[in-house]
Amino acid sequence: MSAERQISEMLRQIARQQDVIEIGPEGSRPKAAALAHVAEQYGYVYGAAHATGYKDSLILLRMYRDPSPEARSREAATLTAHPRAGIGGTVPGLAPGSLKPVPEAAGAVAVLRDLIAFDLAARFVTSRGQQVLCYLACVLVTALLLATGPLVEAVASGGSLVVILTVALKAGQIHREKLSRRLTEAGFFAVRDEQGRQRFLRPGQQLPGHANPFAA
């Protein structure tokens, strides 16, 4: 789907004054973040990112309408500055005809990209109990190999599985910690949602799903 069509579809949702709009499915975090930034200029704020499509290869974003006076002022200023957005005119924060952020919007888009990446990485987070089950599965596989093949090959294969699992878990942890630091430095604060997953919110924002997710 072209950049112009993606922008137009999102702006049609915004024009209907929907409390929640959906962006995507989009297969690129940078492009999804750029669209989210545009939505924020119209008084919306990032809510959540979900992986969808074949092998979770696409990103679906939900943006929530912010009822605060600041958001409504931002929307009014955007409508005045970009009256023909979506119908051939300029789009706030983006280079003409593309989803590439202009230099002055690059920082804000980068923060949204980190926020999206952090939420998407949540599906790979495993609890201590789940990690124990994964290692037990490695032991079970090793036992099956011992029962059907040479000792050396069974132990080597089982050991390789343990190493791969350990490296994958550690890499995921390091990646999320890096994103957490960047989001904290950008002014976000960490909370736990109803499922116990860590999320990052702006000051004064509540988790999406509340009657007013942006009240203090």
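Filtering segment 176-193 to residues that are assigned to a loop (DSSP other than H, G, I, E, B) and either under 17 Å from ALA121 (Cα atoms) or modelled with pLDDT under 80 (or both) leaves only ASP193.
Residues of segment 194-208 being open to solvent by less than 70 Å² (accessible area, probe 1.4 Å) and within 15 Å of the chain's Cα centre (by Cα), which ones? Lay out the reasoning, then the answer.
Filtering segment 194-208 for residues open to solvent by less than 70 Å² (accessible area, probe 1.4 Å) gives 196, 198-202, 204-208.
Passing the criteria: GLN198, ARG199, PHE200, LEU201, ARG202, LEU207, PRO208.
Number of residues in segment 195-207 that are touching a Leu at 6+ places or on another chain (Cβ under 9 Å) and more than 16 Å from ALA49 (Cα to Cα) equals 0.
Residues of segment 78-88 that are at pLDDT below 90 and open to solvent by 60 Å² or more (accessible area, probe 1.4 Å): ILE87, GLY88.
Look at (1) under 30 Å from PHE189 (Cβ atoms); (2) at pLDDT below 90; (3) open to solvent by 50 Å² or more (accessible area, probe 1.4 Å); (4) not in a helix (DSSP H, G or I) and you find that ARG62 fails only one, number (2).
With VAL45, VAL109, VAL91 as the choices, which residue is open to solvent by less than 30 Å² (accessible area, probe 1.4 Å) and assigned to a loop (DSSP other than H, G, I, E, B)?
Details: VAL45 fails: assigned to a loop (DSSP other than H, G, I, E, B); VAL109 fails: assigned to a loop (DSSP other than H, G, I, E, B).
Only one candidate passes the filter, namely VAL91.
Exactly one residue out of LEU99, LEU58, LEU112 is hydrophobic (A, V, I, L, M, F, W, C) and touching a Lys or Arg at 6+ places or on another chain (Cβ under 8 Å), and it is LEU99. Looking only at residues in segment 67-77 that are crowded, with 16+ Cβ neighbours inside 10 Å and farther than 15 Å from MET10 by Cα, the one that is modelled with the highest pLDDT is ARG74. Every condition in (1) touching a residue at least 12 places away in the same chain (Cβ under 8 Å); (2) out of contact with any Gly (no Cβ under 7 Å at 6 or more places or on another chain); (3) not in a loop (DSSP other than H, G, I, E, B) holds for ALA76 except the one numbered (1).
Being surrounded by fewer than 18 Cβ atoms within 10 Å (Cβ to Cβ), in a helix (DSSP H, G or I) and not polar (S, T, N, Q) holds for only one residue in GLU22, GLU4, and it is GLU4.
The values are calculated or read from the model by the stated rules, or taken from the named source; none is laboratory data. In this text, all values refer to a predicted model and were calculated from it rather than measured experimentally. Every residue, glycine as well, gets a Cβ built from its backbone with ideal geometry; the counts of neighbours run over all protein chains shown. Heavy atoms of the whole protein, side chains included, go into the accessibility calculation; ligands, DNA and RNA do not. Shrake-Rupley method; radii C 1.70, N 1.55, O 1.52, S 1.80 Å.
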